[in-house]
Every structure is written in structure tokens, then in C-alpha cells.
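Read the structure below first, then the notes.
The values are calculated or read from the model by the stated rules, or taken from the named source; none is laboratory data. Remember, predicted model here, so these are calculated numbers, not experimental data. No Cβ is skipped: glycine too gets one built from the backbone with ideal geometry, and neighbour counts run over all protein chains shown. With ligands, DNA and RNA removed, areas are computed over all heavy atoms of the protein, side chains included. Shrake-Rupley method; radii C 1.70, N 1.55, O 1.52, S 1.80 Å.
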Amino acid sequence: MSIPVFGVGTFRLQGQVVEDSVRNALEVGYRAIDTAQIYGNEAQIGHVLAQSNIDRRDLFITTKIWTTNFSKDKLIPSLKESLLKLKTDYVDLTLIHWPSPNNAVPVAEFMTELVKAKELGLTRQIGVSNFTIDLMQQAIDVVGEGVIATNQIELSPYLQNRKVVDFAKKHNITITSYMTLAYGKALKDAVIQTIAQRHNATAAQVILAWALKLGYVVIPSSTKRENLASNLLAQKLQLTDTDMAEINALESNGRLVDPQSLAPVWDK
């Protein structure tokens, strides 16, 4: 299994905004697109992808199943609906977006359905998002080792989630980092700005290069074409061990995404 290490996120982008963002991303070189049922933008993304004339085999599309579609009678039909919106016969990766609130749908039920979706050819790979160590273990117990491609989690210089990362690595689960720039807060950090000056790079490039060097997949979003292009250059930025240590020292358990109705008990 493999996931492109650099993709474009589409959280909070809708309508013409998401169309322009994805179109610009494709034009400057992105081929991995991350969306979700709850984002309400799958149809717009599908429209752009269909217009692009890029070979489907060169694209990597990720979507996420929303909590209201976890049950065995809803998960696969909801994914088929996503495919219709995305104008594709399959997605490359399908994630469980959040743990089921109050365990309303057991992990065994939705993970079993996700495996069925893969067997039906609706998705090439499967994974999870916002899962704790305990929830990852529960998922592994259902589907087996080596089946879960990724756990997409909030991860930034201020929230490095090391326990979750270590567990995932031990079980060959790739970490996909979202909110990597900490809603832009990390771009203003003095330590990161100093490192950026040393490398004649942007703060965003430094943060993304840090995450890439740690082996994470990154999916930053932007509505600006120049930022999309600039972010891609993070793949060429080589940070030193000193740079990495300075960024690692910024850990402060600075979680930004913690919805009361959805969040599990996080690992500390």
C-alpha cells in the first residue's frame, strides 16, 4: 500500500472556492485530493477532476465516511453516492472520519463494512481518522494487521501526538497529518521563522518539510495558487537535525480540533 506523501486538503472549502482551489492544485502539480462526505464539496471536486482530463490512474482521491453513515445498511450506499458525486468508479482511499459518537455503531460493524467496500472495488485502500491507540487496536482486531493504510490525525509542531504515532508505526499504519500549520498559528512562530530564514524558505515550507521528514503524509489546503505551488516545494527542503530538534521542542499539547460531540478520550 502507498499513499502520496503530498496532497491538497479541501476542508471548509465549498462552491466555486473549492473548484478554483482544486483546479489550481492540479495545474501546479498536485495529484492527490483529500475530501469527505461532511465537507459538502465532493460534487464540485468531481466536476473539476472530470474537466481536467488527467488520467484517473494518475489521481489519488481520498474521501471519508461521516458518522451518520457508519451502520451496515448505510456505509456502502453512502460511499456509492460519494463516487457518483466524484464522478469516479472508485476512490483510492476511504477513511472512517471520526469514531462513532458514544459507540453508537461498534467499530466491528463499520470496519467490516469498510472491508466489504474494498472487496467490492469501491475503494483501493481503507483507513481511519481521529482514532486513538485503543480505537486503532480495535480496528486492527477486526480487519487484521496491514489492512489499515493510514490514521489521519491532527498533528502540528504544537501537537505531535507521539504515542499515537509510535503505535501506528509499530503496526505499519501511515500517519496523515492534518492541521499541520495549526490554523496558521505556526507560521508566526519565531523558532520556525528563524529556521525559514536560514534556509531562504517560507514558514509553511519548513513545517511541511518537518512533517515529511518524520514520515507523515501532508494535505495542506489553500485558496491561493501561489501558496499551493510554494507548499509543494517543501518536498525539496532538507532540514538539519538541529532544525528538527528545535521544531520538536515546540510540543505543547496544543490541540485545536476537539469537537465535544465527536472527540474520543485523547491519548496524552
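Here are some notes:
- Of all residues in region 218-268 being out of contact with any helix residue (DSSP H, G or I) (no Cβ under 6 Å at 6 or more places or on another chain) and among the acidic types (Asp, Glu), the one that is nearest to Thr132 (Cα to Cα): Asp258
- All conditions but one from (1) outside any helix (DSSP H, G or I); (2) modelled with pLDDT of 95 or more; (3) under 28 Å from Ile173 (Cα atoms) apply to Lys268; the one that does not is (2).
- Ile54, sole failed condition from (1) in contact with a Leu (Cβ under 8 Å, 6 or more places away or on another chain); (2) over 23 Å from Gln152 (Cα atoms); (3) open to solvent by 50 Å² or more (accessible area, probe 1.4 Å); (4) not aromatic (Phe, Trp, Tyr): (3)
- Qualifying residue in region 136-156 (condition: surrounded by fewer than 16 Cβ atoms within 10 Å (Cβ to Cβ) and of a type in the set (S, T, N, Q)): yes
- Per the conditions (1) open to solvent by 40 Å² or more (accessible area, probe 1.4 Å); (2) under 14 Å from Thr180 (Cβ atoms); (3) out of contact with any strand residue (DSSP E or B) (no Cβ under 7 Å at 6 or more places or on another chain), the sole criterion not satisfied by Leu250 is (1).
- If you check Gly29, Gly40 for being surrounded by fewer than 18 Cβ atoms within 10 Å (Cβ to Cβ) and touching a helix residue (DSSP H, G or I) at 6+ places or on another chain (Cβ under 7 Å), only one passes: Gly29.
- Matching residues, region 82-128, being among the aliphatic types (A, V, I, L, M) and either open to solvent by 60 Å² or more (accessible area, probe 1.4 Å) or touching a residue at least 60 places away in the same chain (Cβ under 8 Å) (or both): Leu84, Leu93, Ala104, Leu120
- Subset tally (residues that are farther than 15 Å from Leu59 by Cβ and not in a helix (DSSP H, G or I)) for region 10-29: 4
- Among the candidates Leu26, Leu59, Leu84, Leu49, the residue that is under 20 Å from Gln152 (Cβ atoms) and either of a type in the set (Val, Ile, Thr) or modelled with pLDDT of 95 or more (or both) is uniquely Leu59.
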